[in-house]
Amino acid sequence: MVIKSSNKNPKKCKTMFSVGLTGDFLTPEGDLTYNDIGLNILEEAGGINYEFMKEYRSPVSADMLAGYDAVISLAPAYNAESFKGINGLRAICRFGVGYDMVDLKACTGAGVLVTITKGAVNYSVAEAVVTWMLALSHRLLEKNRLVRNGGWAQRSNYMGTELRGRTLGIIGIGGIGGRLVEMLKIFGMAQPLAFDPYADKARAGSIGVNLVDLDHLMKHSDFISINCPLTDETRNLIGEHELSLLKKETYIINTARGGIINEDALIKALVNNSIAGYATDVFATEPPPGDHPLFKLENVVLAPHSIAWTHDMFSEIGRKACHQVVEIARGNTPDGIVNMDVLDKWQR
């Protein structure tokens, strides 16, 4: 199949372009887990047949992929074994923006395009970060516990802080980070700092962000929002050294991936009250063990990798993923491609 620019007139989909959706899109009863994932887009495109995989396994095995032209994938992992003997698969369309569960080298070697739904989560994740910033700085959960546990008289010991005048440091100034900066303007915060070696300097300047190195960001931020992907380059990006640079009043918020922060070093900093607190949606191992040390700390707020989940967000992700499938079926180039090298193989 030759991939053509998506801004040209689309071709009619080839007959029965076959799409598989991973089994975790369905409940054990066989119902859709989420209200709307854009399946009407596939139904209305013509020439596309889709079905849900009969079982869920991770990593996905080659027999599960056999016969599909494209896969819309929620949570499972993919490795080199996933593609052994698979020749017709054109793309894995990730239902989300993270792709650390997909072996890109293996996909590229097999000629399988990987796409992510870039932009679809920006609003919801940024809004979740703001929620956590307010909850942490006003010590919401601690005050909730005071009331429930009869600690009303202790309320003066739990003073909060305002966002006004404080500095936000953003690690990864992509779509989520940019939306976050926009949302926070109303709170009168100082100019945001950002660390991102791949950031467009002109864009950063246009949204009012000051690009700095990581040490500078760690030293001067009152809140740190982690919004970069987990890669070999970002794994353990924040360790003991980086945490030692923080002010005691600093809060860290992680809506990206658990492996970006060294959890052992983080727990040590929290236990020693070297930082003010931590909110996370993600863990190095998911789900985390029931005796995870973070569970015992009062200055920590946790969510099960779902803090940003809304029906609105899942609808937007689903529509974008389904549009990508339609573009591929029509012979066009979809947006959100992660491994662009595959296009060169297709065009030879």
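Each value in this text was obtained by applying a stated rule to the coordinates, not by laboratory testing. Just so we're clear, the structure is a prediction, and the values are computed from it rather than from any experiment.
Quick check: Cα centre of region 186-244 to Cα centre of region 32-99, how many Å? Each part's Cα centre sits 34 Å from the other's.
Over the Cα atoms of region 122-302, the radius of gyration divided by the Kirkwood radius equals 0.96; this is the Rg/Rh ratio.
Averaging the sequence gap over all C-alpha pairs within less than 8 Å and six or more residues apart, then dividing by the number of residues, gives region 122-302 a relative contact order of 19 percent.
The shape of the chain can be summarised by an equivalent ellipsoid whose semi-axes, obtained from the alpha carbon gyration tensor, come to 40, 22, 19 Å from longest to shortest.
Near I252, the amide H atoms lying under 5 Å from its own belong to I224, G277, Y278, A279; only residues 5 or more places off or on other chains count, and H is placed 1.01 Å from N. Over all projection directions, the Cα-based convex hull of region 15-54 averages an area of 2.8 nm².
Spread over its residues, the convex hull of the C-alpha atoms of region 209-311 is 115 Å³ per residue.
Calculated [222 nm] ellipticity per residue, helices only, for the chain: -8500 deg cm²/dmol; basis is -39500 (n - 2.57) per DSSP H run with n ≥ 4, divided by all residues, nearest 500. With 22 Å as the limit on Cα-Cα distance, the pairs of K105/K201; K54/K118; K143/K268; K84/K345; K201/K345 that go past it are K105/K201; K54/K118; K143/K268; K201/K345.
Potential lengthening of the chain between R203 and L32 amounts to 57.7 nm, from the contour at 0.36 nm per residue minus the alpha-carbon distance.
If you build the convex hull over the alpha carbons only and average its shadow over all orientations, what do you get for region 56-127? Give it in nm² to one decimal. Please report the intermediate quantities before stating the final value.
On the way: hull surface 19.1 nm².
Computing the convex hull of the Cα atoms and averaging its projections yields 4.8 nm².
Could you work out the relative contact order of the chain, using alpha carbon pairs under 8 angstrom and six or more residues apart, expressed as a whole percent? So the answer I get is 22 percent.
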